[in-house]
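The values are calculated or read from the model by the stated rules, or taken from the named source; none is laboratory data. Everything quoted here is computed from the prediction, not taken from an experiment. Cβ coordinates were reconstructed from backbone atoms using ideal geometry, including for glycine residues, and neighbour counts include every protein chain displayed.
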Amino acid sequence: MKALFICDEKEEWNLLRNIFHAHFSKMELVCVLKGEDALNTLTFDGPFGMIILECGIKSDNPTELAESIFDQTGPRPLLFVGTPTMVKDRVKEAFFNEHEMVTIYNKPYQAEGLVSSIQDAIEWAKQEEFESNIVELEPDNFLPLKLRNFYLYDSVPFDVYVELTKTKFIKAIAANKKYTQSNIQDFQKRNIKYLYLEKNEHLNFLENSIKKISMALAQSSGDFKKKSQTMVAGVLVLHQYLRDVGISESVKELTDRIIKAMSDVAEYHTSIEDLILTFPMEHGDLAEQAVLKGTLGMYITKAMGWRSDLTNNKIGLAAILHDAFLEREEWSTITYEDHPDLDYLSPEQKEAFLFHPKRAAEMANQFSHLAEVDFIILEHHELPDGNGFPRGINASKITKISALFILVNNYIIQLVINGLTSSSLKNISLAFATIYNVGSFKEPFQTLQKDLKRR
């Protein structure tokens with residue numbers, strides 16, 4: 001186990017080091033001068049079983065720094081040290097009372113008292129299994145799962161881990177142990193996006209999730225908000241399964257159920273504004289975007305008089321698959337080849353981004369009952385003026401169904417960037433008028449615009 005001491009007086013470093021050397025020789029003490037160094041150290045040199053924070057530190061407010069540490073690492077033993085006056089002035093009582101593992105040591109230093117306080121913190125850490133849960137694992141034997149997948153359950157039949165370093169993991173969820181949504185939200189607050197499972201368990205988790213979501217959609221009633229949330233959970237699992245495993249019969253079955261649910265939601269709503277403003281957008285991630293794009297696309301086809309189930313199915317499958325192979329969530333807002341955000345990507349990342357429509361199109365071909373979806377997906381980054389990719393074709397050469405999907409794709413992306421509000425709906429539509437009111441885009445755009453003007 002390691003301990004971290006945050007103090008801008010290096011003389012105190014030596015005092016603490018001597019105490020650790022004499023009384024806690026198996027524990028490494030790492031010393032840093034300020035909060036920024038502490039947060040970096042916690043990220044790259046962990047894990048740390050306990051934190052010691054000098055309240056007189058000049059660069060940071062100690063309570064705010066402690067809150068930042070807990071946001072990043074989760075609550076763990078933290079010892080505030082300082083004179084009684086300094087502690088009273090700089091340690092918020094509410095923070096101290098909220099966390100039972102937070103304690104205070106009043107200066108001046110006395111070896112016996114300080115050793116006792118550190119010992120209590122170490123015992124608390126051991127009790128909470130910080131140390132015993134840290135394991136060295138071969139990373140090739142583990143696969144990541146997006147954190148949001150775990151909202152589907154309240155326990156899982158295997159151990160789940162958080163990555164600390166490339167080879168060190170700490171157990172986040174014990175096998176068959178109940179957890180709550182707030183536990184998952186705690187990971188989210190610490191900016192943890194993935195939890196890790198052993199490969200075979202990873203596959204079992206995904207297959208169980210597919211069955212659970214398929215059953216929920218089959219039994220879903222008229223609660224369209226809940227139906228949308230279930231579809232989002234389904235797309236999340238499908239994307240993971242398609243990237244890690246590929247196509248299976250259960251994947252095809254869940255895909256069909258999600259497409260049918262999209263159609264039900266599109267039929268239910270009587271305006272685009274109602275459809276979008278009642279959608280449960282919480283994160284703006286790829287799964288939520290996919291469901292909203294598919295639903296809006298089907299609504300517009302209905303308004304245009306395209307009532308073919310086959311057309312709806314094509315729009316739905318394109319919505320589910322088109323960004324399934326994006327490596328990073330934030331890349332979803334890059335909509336053209338010369339987008340400035342591409343300048344910040346490595347050559348390998350840029351190539352992966354530019355190639356993702358082709359990978360998704362190849363996957364679409366395995367849904368043999370829905371022909372031509374691959375062309376919609378391949379063209380979803382084309383633009384009316386010909387400045388899109390991969391082929392750079394313009395509005396006169398893009399098919400009408402591809403044009404509809406491109407319009408919907410870019411409209412939803414702008415809504416995610418600007419927020420799902422009535423004003424955003426109309427402002428984005430007005431901005432799109434000079435771009436999309438042309439060629440194959442004209443009818444779907446005018447249908448969108450006309451519907452928005454009804455409100």
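Computed quantities for the displayed model
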| item | result |
| --- | --- |
| Matching residues in the stretch 151-184 - criterion: being over 18 Å from Ala233 (Cβ atoms) and in contact with a Lys or Arg (Cβ under 9 Å, 6 or more places away or on another chain) | Asp159, Tyr161, Val162 |
| Among the candidates Leu425, Leu407, residue that is of a type in the set (A, V, I, L, M), within 30 Å of Val251 (Cβ to Cβ), crowded, with 19+ Cβ neighbours inside 10 Å and assigned by TED's automatic domain parsing to the domain that holds Thr333 | Leu407 |
| Test: Phe150 is crowded, with 19+ Cβ neighbours inside 10 Å, touching a Cys at 6+ places or on another chain (Cβ under 6 Å) and of a type outside the set (Gly, Ala, Ser) | no |
| Helices (runs of 4 or more DSSP H) wholly inside the stretch 50-117 containing at least 1 residues that are farther than 20 Å from Lys34 by Cβ and small (Gly, Ala, Ser) | 93-98 |
| Test: residue in the stretch 86-100 that is touching a strand residue (DSSP E or B) at 6+ places or on another chain (Cβ under 7 Å) and under 20 Å from Lys171 (Cβ atoms) | no |
| Hits in the stretch 387-404 (condition: assigned to a loop (DSSP other than H, G, I, E, B) and either crowded, with 23+ Cβ neighbours inside 10 Å or not assigned by TED's automatic domain parsing to the domain that holds Leu321 (or both)) | Ile398 |
| Some residue of the stretch 331-342 being in the same structural domain as Gly294 (by TED's automatic domain parsing), part of a loop (DSSP other than H, G, I, E, B), more than 22 Å from Ile247 (Cα to Cα) and hydrophobic (A, V, I, L, M, F, W, C) | yes |
| Meets criteria (assigned by TED's automatic domain parsing to the domain that holds Ala319, more than 28 Å from Pro357 (Cβ to Cβ) and hydroxyl-bearing (Ser, Thr, Tyr)) for Thr230 | no |
| Residue match in the stretch 26-44 (condition: surrounded by fewer than 19 Cβ atoms within 10 Å (Cβ to Cβ), among the small types (Gly, Ala, Ser) and either in the same structural domain as Val91 (by TED's automatic domain parsing) or in a strand (DSSP E or B) (or both)) | no |
| The listed residue being modelled with pLDDT under 95, more than 25 Å from the chain's Cα centre (by Cα) and among the hydrophobic types (A, V, I, L, M, F, W, C), out of Leu404, Leu370, Leu342, Leu354 | Leu370 |
| Positions within the stretch 435-449 being surrounded by fewer than 20 Cβ atoms within 10 Å (Cβ to Cβ) and either more than 11 Å from Ile300 (Cα to Cα) or hydrophobic (A, V, I, L, M, F, W, C) (or both), in sequence order | Ile435, Asn437, Val438, Gly439, Lys442 |
| Members of the stretch 375-386 found to be in a loop (DSSP other than H, G, I, E, B), within 20 Å of Ile412 (Cβ to Cβ) and not charged (D, E, K, R), listed by number | His380, His381, Leu383, Pro384 |
| In the stretch 264-274, residue nearest to Val291 (Cα to Cα) [restricted to those that are surrounded by fewer than 21 Cβ atoms within 10 Å (Cβ to Cβ) and of a type outside the set (Phe, Trp, Tyr)] | Asp264 |
